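Working notes, structure below.
The values are calculated or read from the model by the stated rules, or taken from the named source; none is laboratory data. Here the structure is a predicted model, which means the values were calculated and not measured. All Cβ positions, glycine included, derive from the backbone under ideal geometry; neighbour counts span all protein chains shown. Areas reflect the complete protein model, heavy atoms only, side chains present, ligands, DNA and RNA absent. Shrake-Rupley method; radii C 1.70, N 1.55, O 1.52, S 1.80 Å.
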Amino acid sequence: MPTGGPPTEPAVPAVRHTPGIRGASGTRAPFHTSKTSSTPGTFRTSSTDDTLDLHLPTQSAVPYDDAAVSPARPDLLDTVAGWGPVDTAAGVFRLVPVRLDRDLRLITAWMNDPAVAAYWGLSGPSEVTAAHLRAQLGGDGRSVPCLGTLSGVPMSYWEVYRADLDPLARHYPARPHDTGLHLLIGGATDRGRGIGTVLLRAVSDLVLDNRPRCHRVIAEPDLRNVPSVAAFLGAGFRLAAEAELPGKRAALVVRDRNLRDVL
(Lines give C-alpha, C1' and ligand atoms only; values in the text may rest on other atoms or scores of the structure.)
Protein backbone atom coordinates (compact mmCIF):
# COMPACT_ATOMS: atom_id res chain seq x y z
CA MET A 1 0.00 0.00 0.00
CA PRO A 2 1.23 3.47 -0.64
CA THR A 3 0.65 6.53 1.55
CA GLY A 4 2.35 9.84 2.27
CA GLY A 5 3.83 12.92 0.64
CA PRO A 6 6.11 15.95 0.94
CA PRO A 7 6.42 17.88 4.15
CA THR A 8 3.83 20.28 5.35
CA GLU A 9 5.53 23.54 4.58
CA PRO A 10 8.88 22.77 2.94
CA ALA A 11 8.18 21.88 -0.65
CA VAL A 12 8.79 18.25 -1.40
CA PRO A 13 8.06 16.56 -4.71
CA ALA A 14 4.44 15.59 -4.94
CA VAL A 15 3.30 12.18 -6.05
CA ARG A 16 0.96 11.68 -8.94
CA HIS A 17 -1.63 9.84 -6.98
CA THR A 18 -3.00 10.30 -3.51
CA PRO A 19 -3.07 7.53 -0.95
CA GLY A 20 -5.65 4.94 -1.65
CA ILE A 21 -6.54 1.38 -2.46
CA ARG A 22 -7.95 -0.15 -5.51
CA GLY A 23 -11.06 -2.22 -5.66
CA ALA A 24 -14.07 -1.27 -3.59
CA SER A 25 -15.71 -4.63 -4.03
CA GLY A 26 -16.07 -6.89 -1.05
CA THR A 27 -14.26 -9.72 -2.79
CA ARG A 28 -10.86 -10.91 -1.80
CA ALA A 29 -8.62 -8.37 -3.42
CA PRO A 30 -4.96 -7.58 -3.91
CA PHE A 31 -3.55 -4.95 -1.64
CA HIS A 32 -1.44 -1.88 -2.34
CA THR A 33 -0.98 1.65 -1.08
CA SER A 34 -0.47 4.27 -3.71
CA LYS A 35 0.65 7.82 -4.22
CA THR A 36 -1.22 10.68 -5.67
CA SER A 37 1.22 13.46 -6.41
CA SER A 38 4.51 13.22 -8.21
CA THR A 39 6.72 13.15 -5.15
CA PRO A 40 7.62 11.07 -2.16
CA GLY A 41 5.01 10.97 0.51
CA THR A 42 1.44 10.93 -0.77
CA PHE A 43 -0.12 7.52 -1.22
CA ARG A 44 -3.13 5.41 -1.50
CA THR A 45 -3.69 1.99 -0.21
CA SER A 46 -5.06 -0.15 -2.92
CA SER A 47 -6.51 -3.57 -3.33
CA THR A 48 -7.96 -5.09 -6.47
CA ASP A 49 -9.52 -8.19 -7.86
CA ASP A 50 -8.46 -7.70 -11.48
CA THR A 51 -4.69 -7.71 -11.20
CA LEU A 52 -2.63 -9.21 -13.98
CA ASP A 53 0.23 -11.67 -13.75
CA LEU A 54 3.27 -9.90 -15.15
CA HIS A 55 6.47 -11.43 -16.51
CA LEU A 56 8.88 -9.54 -14.31
CA PRO A 57 12.56 -9.14 -15.07
CA THR A 58 14.94 -11.79 -13.84
CA GLN A 59 16.13 -10.92 -10.34
CA SER A 60 19.58 -9.47 -9.92
CA ALA A 61 22.28 -11.71 -8.50
CA VAL A 62 23.03 -9.03 -5.88
CA PRO A 63 21.88 -10.31 -2.46
CA TYR A 64 18.89 -8.24 -1.44
CA ASP A 65 19.43 -9.00 2.23
CA ASP A 66 22.77 -7.21 2.24
CA ALA A 67 22.20 -3.95 4.10
CA ALA A 68 22.40 -1.00 1.75
CA VAL A 69 24.69 1.90 2.56
CA SER A 70 22.70 4.96 3.57
CA PRO A 71 23.41 8.09 1.55
CA ALA A 72 25.22 10.97 3.26
CA ARG A 73 22.23 13.09 4.23
CA PRO A 74 20.31 13.93 7.39
CA ASP A 75 18.94 10.79 9.05
CA LEU A 76 15.34 11.68 9.81
CA LEU A 77 14.16 8.06 10.12
CA ASP A 78 16.73 6.42 12.38
CA THR A 79 18.66 4.44 9.79
CA VAL A 80 16.07 2.26 8.07
CA ALA A 81 18.93 0.37 6.36
CA GLY A 82 20.04 -1.01 9.71
CA TRP A 83 16.70 -2.24 11.02
CA GLY A 84 17.55 -5.82 10.14
CA PRO A 85 15.41 -8.88 9.34
CA VAL A 86 12.29 -9.97 11.23
CA ASP A 87 10.55 -13.35 11.36
CA THR A 88 6.93 -13.28 10.19
CA ALA A 89 4.26 -15.88 9.45
CA ALA A 90 5.05 -15.31 5.75
CA GLY A 91 8.81 -15.81 6.12
CA VAL A 92 11.88 -13.77 7.04
CA PHE A 93 11.14 -10.18 6.02
CA ARG A 94 13.52 -7.28 5.56
CA LEU A 95 13.34 -3.69 4.36
CA VAL A 96 16.19 -2.98 1.94
CA PRO A 97 16.65 0.67 0.87
CA VAL A 98 16.29 1.05 -2.89
CA ARG A 99 19.32 1.26 -5.17
CA LEU A 100 18.51 2.61 -8.62
CA ASP A 101 21.20 0.56 -10.39
CA ARG A 102 19.85 -2.68 -8.95
CA ASP A 103 16.12 -2.09 -8.45
CA LEU A 104 14.80 0.31 -11.08
CA ARG A 105 13.84 -2.35 -13.63
CA LEU A 106 11.83 -4.39 -11.14
CA ILE A 107 10.01 -1.43 -9.58
CA THR A 108 9.21 -0.06 -13.05
CA ALA A 109 7.62 -3.40 -13.97
CA TRP A 110 5.47 -3.29 -10.83
CA MET A 111 4.43 0.31 -11.53
CA ASN A 112 3.24 -0.75 -14.99
CA ASP A 113 0.85 -3.36 -13.61
CA PRO A 114 -2.57 -1.77 -14.31
CA ALA A 115 -3.72 -2.57 -10.77
CA VAL A 116 -0.82 -0.56 -9.37
CA ALA A 117 -0.75 2.17 -12.01
CA ALA A 118 -4.34 3.14 -11.25
CA TYR A 119 -3.28 4.42 -7.84
CA TRP A 120 0.39 5.26 -8.08
CA GLY A 121 0.24 7.02 -11.45
CA LEU A 122 3.80 5.99 -12.29
CA SER A 123 3.29 3.79 -15.34
CA GLY A 124 5.38 4.37 -18.45
CA PRO A 125 9.11 4.21 -19.21
CA SER A 126 11.65 3.59 -16.48
CA GLU A 127 12.52 7.28 -16.27
CA VAL A 128 9.08 7.98 -14.78
CA THR A 129 9.78 5.62 -11.89
CA ALA A 130 13.40 6.77 -11.69
CA ALA A 131 12.33 10.40 -11.24
CA HIS A 132 9.98 9.38 -8.44
CA LEU A 133 12.73 7.44 -6.67
CA ARG A 134 15.41 10.10 -7.19
CA ALA A 135 13.18 12.71 -5.57
CA GLN A 136 13.42 10.64 -2.39
CA LEU A 137 16.97 9.32 -2.71
CA GLY A 138 18.27 12.82 -3.38
CA GLY A 139 15.96 14.54 -0.91
CA ASP A 140 16.43 15.56 2.70
CA GLY A 141 15.78 12.10 4.14
CA ARG A 142 12.15 12.49 5.13
CA SER A 143 11.11 9.58 2.89
CA VAL A 144 13.05 6.33 2.38
CA PRO A 145 12.02 4.05 -0.52
CA CYS A 146 12.63 0.36 0.17
CA LEU A 147 12.11 -3.06 -1.29
CA GLY A 148 10.50 -5.56 1.05
CA THR A 149 12.08 -9.02 0.75
CA LEU A 150 10.81 -12.39 1.93
CA SER A 151 13.56 -14.96 2.34
CA GLY A 152 15.83 -12.66 0.33
CA VAL A 153 13.42 -12.29 -2.63
CA PRO A 154 12.02 -8.78 -3.36
CA MET A 155 8.20 -8.88 -3.39
CA SER A 156 6.98 -5.45 -2.25
CA TYR A 157 7.81 -1.76 -2.42
CA TRP A 158 7.60 0.50 0.65
CA GLU A 159 8.06 4.11 1.52
CA VAL A 160 8.76 4.89 5.16
CA TYR A 161 8.27 8.63 5.68
CA ARG A 162 7.95 11.34 8.27
CA ALA A 163 4.19 11.96 8.36
CA ASP A 164 4.71 14.99 10.60
CA LEU A 165 6.81 16.61 7.83
CA ASP A 166 4.41 15.58 5.06
CA PRO A 167 1.46 17.49 3.54
CA LEU A 168 -0.66 14.81 5.25
CA ALA A 169 0.06 16.65 8.51
CA ARG A 170 -2.27 19.42 7.32
CA HIS A 171 -5.19 17.01 7.54
CA TYR A 172 -4.81 15.59 11.04
CA PRO A 173 -3.36 16.65 14.44
CA ALA A 174 0.17 15.48 13.73
CA ARG A 175 2.66 14.81 16.50
CA PRO A 176 6.46 15.02 16.24
CA HIS A 177 8.01 11.93 14.66
CA ASP A 178 4.72 10.42 13.42
CA THR A 179 5.84 7.90 10.80
CA GLY A 180 3.85 7.02 7.68
CA LEU A 181 3.86 3.93 5.48
CA HIS A 182 3.15 3.43 1.78
CA LEU A 183 3.08 -0.08 0.37
CA LEU A 184 2.50 -2.03 -2.80
CA ILE A 185 2.70 -5.80 -3.14
CA GLY A 186 4.54 -6.44 -6.38
CA GLY A 187 3.35 -9.83 -7.56
CA ALA A 188 -0.28 -10.80 -8.07
CA THR A 189 0.41 -14.19 -6.49
CA ASP A 190 1.33 -12.45 -3.22
CA ARG A 191 -1.89 -10.43 -3.09
CA GLY A 192 -5.19 -11.32 -1.51
CA ARG A 193 -3.72 -13.95 0.84
CA GLY A 194 -3.35 -11.93 4.03
CA ILE A 195 0.33 -11.17 3.42
CA GLY A 196 -0.37 -7.43 3.48
CA THR A 197 -1.75 -7.67 7.02
CA VAL A 198 1.24 -9.71 8.20
CA LEU A 199 3.75 -7.31 6.67
CA LEU A 200 1.96 -4.18 7.89
CA ARG A 201 2.20 -5.44 11.45
CA ALA A 202 5.85 -6.41 10.97
CA VAL A 203 6.88 -3.07 9.46
CA SER A 204 4.93 -0.99 11.97
CA ASP A 205 6.64 -3.04 14.71
CA LEU A 206 10.00 -2.29 13.09
CA VAL A 207 9.18 1.43 13.13
CA LEU A 208 8.20 1.39 16.80
CA ASP A 209 11.16 -0.77 17.80
CA ASN A 210 13.73 1.35 15.96
CA ARG A 211 12.30 4.85 16.30
CA PRO A 212 11.96 5.46 20.06
CA ARG A 213 10.75 9.03 19.51
CA CYS A 214 7.90 7.83 17.29
CA HIS A 215 4.71 7.04 19.18
CA ARG A 216 2.39 6.48 16.19
CA VAL A 217 2.51 4.86 12.75
CA ILE A 218 0.10 6.49 10.28
CA ALA A 219 -1.58 5.49 7.00
CA GLU A 220 -4.51 6.77 4.96
CA PRO A 221 -6.23 4.08 2.82
CA ASP A 222 -9.19 5.00 0.64
CA LEU A 223 -12.42 4.48 2.57
CA ARG A 224 -13.95 2.68 -0.41
CA ASN A 225 -11.34 -0.01 -0.23
CA VAL A 226 -12.81 -2.24 2.43
CA PRO A 227 -10.18 -5.01 2.06
CA SER A 228 -7.36 -2.53 2.54
CA VAL A 229 -8.88 -0.85 5.59
CA ALA A 230 -9.53 -4.32 7.03
CA ALA A 231 -5.86 -5.24 6.48
CA PHE A 232 -4.71 -2.23 8.49
CA LEU A 233 -7.17 -2.95 11.26
CA GLY A 234 -6.04 -6.59 11.31
CA ALA A 235 -2.45 -5.37 11.66
CA GLY A 236 -3.21 -3.48 14.87
CA PHE A 237 -4.13 -0.07 13.45
CA ARG A 238 -7.25 1.75 14.68
CA LEU A 239 -9.55 3.99 12.67
CA ALA A 240 -8.87 7.49 14.03
CA ALA A 241 -10.82 9.70 11.60
CA GLU A 242 -11.93 10.28 8.03
CA ALA A 243 -10.15 12.91 5.96
CA GLU A 244 -10.65 14.57 2.59
CA LEU A 245 -7.34 14.20 0.77
CA PRO A 246 -6.46 15.05 -2.83
CA GLY A 247 -8.39 12.59 -4.98
CA LYS A 248 -10.03 10.56 -2.22
CA ARG A 249 -11.79 10.36 1.09
CA ALA A 250 -9.41 8.50 3.34
CA ALA A 251 -9.56 6.49 6.51
CA LEU A 252 -6.85 7.83 8.78
CA VAL A 253 -5.57 4.73 10.54
CA VAL A 254 -3.11 4.82 13.41
CA ARG A 255 -1.04 2.25 15.26
CA ASP A 256 -0.20 3.57 18.72
CA ARG A 257 2.87 2.51 20.64
CA ASN A 258 0.89 2.27 23.88
CA LEU A 259 -1.75 0.04 22.27
CA ARG A 260 0.51 -2.20 20.19
CA ASP A 261 0.11 -5.18 22.50
CA VAL A 262 -3.64 -4.72 22.82
CA LEU A 263 -4.79 -4.37 19.20
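Residues checked against (1) open to solvent by less than 10 Å² (accessible area, probe 1.4 Å); (2) touching a helix residue (DSSP H, G or I) at 6+ places or on another chain (Cβ under 6 Å); (3) over 25 Å from Gly82 (Cβ atoms):
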residue: Pro212; (1), (2), (3): no, no, no
residue: Ile218; (1), (2), (3): yes, yes, no
residue: Asp222; (1), (2), (3): yes, no, yes
residue: Val226; (1), (2), (3): no, no, yes
residue: Ala250; (1), (2), (3): yes, no, yes
residue: Val254; (1), (2), (3): yes, no, yes
residue: Leu259; (1), (2), (3): no, no, yes
Within segment 80-111, track down each residue that is closer than 30 Å to Leu223 by Cβ and within 17 Å of the chain's Cα centre (by Cα).
-> Val80, Phe93, Leu95, Val98, Ile107, Thr108, Ala109, Trp110, Met111
Within segment 207-243, how many residues turn out to be acidic (Asp, Glu) and either part of a helix (DSSP H, G or I) or under 19 Å from Val96 (Cβ atoms) (or both)?
-> 1
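Confirm whether Pro227 is out of contact with any strand residue (DSSP E or B) (no Cβ under 6 Å at 6 or more places or on another chain) and at pLDDT below 95. It would help to see each step written out before you state the result.
Numbers: out of contact with any strand residue (DSSP E or B) (no Cβ under 6 Å at 6 or more places or on another chain): yes; at pLDDT below 95: yes.
Spelling it out, Pro227 is indeed out of contact with any strand residue (DSSP E or B) (no Cβ under 6 Å at 6 or more places or on another chain) and at pLDDT below 95.
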Can you pull out the residues in segment 112-161 that are among the β-branched types (Val, Ile, Thr), modelled with pLDDT of 95 or more and within 16 Å of the chain's Cα centre (by Cα)?
-> Thr129, Val144, Thr149, Val160
Scanning segment 107-132 for residues that are hydrophobic (A, V, I, L, M, F, W, C) and surrounded by fewer than 22 Cβ atoms within 10 Å (Cβ to Cβ) gives Ala109, Ala117, Ala118, Val128, Ala130, Ala131
Tell me which of these Leu200 doesn't satisfy, since it passes every other one: (1) surrounded by fewer than 23 Cβ atoms within 10 Å (Cβ to Cβ); (2) under 13 Å from Phe232 (Cα atoms); (3) at pLDDT 95 or above.
-> (1)
Subset of segment 230-248 [open to solvent by 10 Å² or more (accessible area, probe 1.4 Å), modelled with pLDDT of 85 or more and of a type outside the set (A, V, I, L, M)] | Gly234, Arg238, Glu242, Glu244, Pro246
Of all residues in segment 170-194 being surrounded by fewer than 24 Cβ atoms within 10 Å (Cβ to Cβ) and of a type in the set (A, V, I, L, M, F, W, C), which is nearest to Asn258 (Cα to Cα)?
-> Ala174
Yes/no for Arg257 being basic (Lys, Arg), at pLDDT 90 or above and out of contact with any Leu (no Cβ under 9 Å at 6 or more places or on another chain) | no
